[in-house]
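First up is the structure itself, then whatever we jot down about it.
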């Protein structure tokens, strides 16, 4: 039996929660690049759940670009939050490729991530609050 819209939303929410927890553990263990990647992935999955909620379709676009996903929803974010989505997208891209990962490892510290994490958590909560 095919999944309902609600079941798809729950799937993305649950998967996002798992990735968020993994990101926090990776950050605590000082696997910074991997933590950045998983923070992005967690937000991406919540955006996809919101996309399904707003579009009433089961399969969100096949993209990792958070700004693009956001633009296809009815979510209200301010300019600073949208800029943070752009930054999070770079964490995904740079976290995937070895040469970028080495650059990230030199550039980003645990403190760098912890400074931004409250704003990422704010977006996360905003995305969760909209969902059933």
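The values are calculated or read from the model by the stated rules, or taken from the named source; none is laboratory data. What you see is a predicted model; the values in this text were computed from it and never measured. No Cβ is skipped: glycine too gets one built from the backbone with ideal geometry, and neighbour counts run over all protein chains shown.
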### Message
Looking at the structure I just gave you, is residue 128 under 13 Å from the mean Cα position of the chain (by Cα), surrounded by fewer than 20 Cβ atoms within 10 Å (Cβ to Cβ), modelled with pLDDT of 90 or more and under 21 Å from residue 12 (Cα atoms)?
### Response
yes
### Query
Mind checking whether some residue in the stretch 3-11 is free of Cβ contacts under 8 Å to residues at least 40 places away in the same chain, farther than 16 Å from residue 119 by Cβ, part of a helix (DSSP H, G or I) and in contact with a helix residue (DSSP H, G or I) (Cβ under 9 Å, 6 or more places away or on another chain)?
yes
### Task
Return yes when residue 69 is buried (at least 18 other Cβ atoms within 10 Å of the Cβ), modelled with pLDDT of 95 or more and not in a loop (DSSP other than H, G, I, E, B) and no when it is not.
yes
#### Entry: Verdict on residue 22 being in a helix (DSSP H, G or I) and either modelled with pLDDT under 95 or crowded, with 19+ Cβ neighbours inside 10 Å (or both)
no
### Task
Within the stretch 77-98, track down each residue that is touching a helix residue (DSSP H, G or I) at 6+ places or on another chain (Cβ under 7 Å), surrounded by 14 or more Cβ atoms within 10 Å (Cβ to Cβ) and under 21 Å from residue 118 (Cα atoms).
77, 81, 82, 84, 85, 88, 89, 91, 92, 95
#### Entry: Selection within the stretch 50-63 - surrounded by fewer than 16 Cβ atoms within 10 Å (Cβ to Cβ) and assigned to a loop (DSSP other than H, G, I, E, B)
56, 57, 58, 59, 61, 62, 63
### Query
Taking residue 74 and the conditions (1) surrounded by 15 or more Cβ atoms within 10 Å (Cβ to Cβ); (2) more than 20 Å from residue 118 (Cβ to Cβ), which numbered condition does it fall short on, given that it satisfies the others?
(1)
